[in-house]
Amino acid sequence: MASEVGLLRASYRCVFAVLGLLCVVPDASAQVAEAYFQFLMAQRLEEQGDQDGALEALTLAAEADPTAAGVRAEIASFHLRHNERAEAERAALQALALDNNSVDAHKVLGLIYFTDVENLNARTERAQFQTSARNAISHLEQAAKGSVPGADPQVDFNLGRLYLRTGDTRKAVDAFGRVVSQNSRSIQGRLSLAQAHAAAGDLPSAIATLEVILQDEPRVASSLAQYLEQAGMLAAAVDSYTLALTVQPMSRGLKFRRIVALLGVGDFAQAATFAAEARTEHPQDLRFPRLQARAVFAGGDPAGALALLEPTARANPADVETQLTLADLYNDAGRDVDAERTLRQALTLAPASAEILNYLGYLLADQGRALDEAVRLVQRALEVDPGNPSYLDSLGWAYFRRGDLQAAERYLAPAAEQLPRNAVIQDHLGDVLAGLGRWSDAIASWTRALDGEGTIRRPVVEKKIEDARSKIAP
């Protein structure tokens, strides 16, 4: 409101003194003075809780000085404060018709359209979303442009949100940076700035943004832990998740992420302990027995892991994730028959599950048997989830094992393109290309496998590269 009064004082040629005395002015100036008197009266009435009287005074001010854009902008702000969207929009547009540079009118319209964008859902057409977002951004940028830089954190914060949603991460970082510069201890401002840095691919800055206030504001520990995890700093992520749990001791999500991070750093004993504790605290959450079994298995006790998970799988036969985890453990333990049996039983209960269809198809393909069935199973998975690169890999591998190299390449090539860092898929594609006699391409794919992520037998892949090079004429 103070900024609005300043604008009016700058535009009116004569105003009341503290005691309300009028200066000697011509008739036109008297009208301006009357408008300003009504404007001040509206402020007082609103502060006293007389909303109807305040609006009436603002209306009288507008009638007294029809050229005063500032009065219309204040009327718009008044309606916005009272959640009267249509009236606020109409008054703001009237203000802009009088003065297209009215900061407060642009702010009102920007806030209105920002709310409209926030209320859009996933079903909204992309074109409609982009149009609404651009409209909101345009008005908020005009409001920010006409104000002292960083003077209105609300405008900057909403601009940051809009920039994030439209993918303009650089501007989002700048907007949230202005918010934080005004209030360095703002939790929401720092969380949003960190989010913008992360969206821009700058995880170190996202981490640093939150670490500054971590000791005083442990509420940011949860978000910090996620950025640390994304950056591969798993030990630090574990510490941050532990701190976050002091704030939210019953958060199943935080417990889950901490256990996953512990598995990532290879602390299987602690992961198993935390999973067992969480399993007791949240007996209905099947993630924790699955994690406990994986941790025990990774810790060198396959039999103990299976003994933990088998009862859970029997008690929850329709839970796809539990059945897949049990099949994983059987497969890793070399019990392929039990893995296949588990998947087939799960498929009877969830015949449309793409995950089960793909897993069973890949299992058969990898074992080199029932290859026609393997192809059909993965094809059904792709009908449910077209274009899934993992399923494309499974289908290409099934064709390769069946000896159909052309079909194998047709599915493995796009899978490898979508997941260039997946070592297993790159290894599969290399085998296909070698089968087609394209040795240089095969070597390139196998090299990507060695540089990629995932479990492959490195000595085997290195030997394949060596053999392929010997087949290329010097």
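Rule-based calculations on the coordinates, nothing more; no lab input. Note that the structure is predicted; figures quoted are calculated from it, not measured. When we count neighbours, we look across all protein chains shown, and the Cβ atoms used for this are built from the backbone with ideal geometry, even at glycine.
Things worth noting here:
- Relative contact order (percent, whole number), segment 420-474, Cα cutoff 8 Å, 6+ residue spacing: 41 percent
- Straight-line cross-link reach from LYS171 at under 26 Å between alpha-carbon atoms covers these lysines, not counting any fewer than eight positions away in the same chain: LYS107, LYS145.
- For the listed peptides 408-415, 448-455, a ranking on the average number of other beta carbons within 10 Å per residue, highest first, reads 408-415, 448-455.
- Taking amide H positions as modeled 1.01 Å from N, with prolines and chain starts lacking one, the residues under 5 Å from ASN422 and 5 or more places away or on another chain are GLU453.
- Spin-label pair SER440-ASP216: with each label point 7 Å from Cα along the Cα-Cβ axis, the two points sit 6.1 nm from one another.
- Relative contact order (percent, whole number), segment 219-324, Cα cutoff 8 Å, 6+ residue spacing: 17 percent
- Stretchable slack from ALA208 to ASP451, in nm (0.36 nm times residue separation minus alpha-carbon distance): 84.6 nm
- Whole-number percent relative contact order across the chain, with pairs defined as alpha carbons under 8 Å at least 6 apart: 4 percent
- According to the Kirkwood relation over distinct C-alpha pairs, the hydrodynamic radius of the chain is 27.8 Å.
- Pairwise label distance in nanometres, ARG369 with ARG44, each label 7 Å out on the Cα-Cβ vector: 9.4 nm
- Charge dipole of the chain about the Cα centre (unit charges at C-beta), most positive-ward option of GLN418, ALA91, GLY334: GLY334
- Taking label points 7 Å from Cα along the Cα-to-Cβ direction, GLN406 and THR280 give a separation of 6.3 nm.
- A simple rule links phi to the HN-Hα coupling: the Karplus curve 6.51 cos²θ - 1.76 cosθ + 1.60 with θ = phi - 60°, which for segment 34-42 gives 4, 4, 5, 4, 5, 4, 5, 5, 4 Hz, with x for Gly and Pro.
- MRE, 222 nm, helices only [DSSP H, n ≥ 4, -39500 (n - 2.57), over the chain, to nearest 500]: -24500 deg cm²/dmol
- Of GLN195, TYR241, GLY304, farthest towards positive along the dipole that unit charges on Lys, Arg, Asp, Glu beta carbons give segment 175-316: GLN195
- Segment 239-277 and segment 359-407: distance between their alpha carbon centers, rounded to Å: 36 Å
- Shape category assigned to segment 198-241 from the gyration tensor of Cα positions, a/c cut at 1.5: oblate
- Segment 420-474, dipole about Cα centre (Lys/Arg Cβ +1, Asp/Glu Cβ -1), debye to the nearest 20: 60 debye
- As a ratio to 2.2 N^0.38 Å, the alpha-carbon radius of gyration computed for segment 291-414 takes the value 1.09.
- Shape class of segment 336-474 from the alpha-carbon gyration tensor: prolate, with a/c at 1.5 or above and a/b greater than b/c.
- Within segment 351-375, backbone nitrogen closer than 16 Å to the virtual label 7 Å beyond the Cα of VAL384 toward Cβ: 351-364, 374-375
- Order by protection proxy (mean Cβ within 10 Å, highest first), peptides 56-65, 70-79, 359-368, 456-465: 70-79, 359-368, 56-65, 456-465
- For segment 420-474, average projected area of the Cα convex hull in nm²: 3.3 nm²
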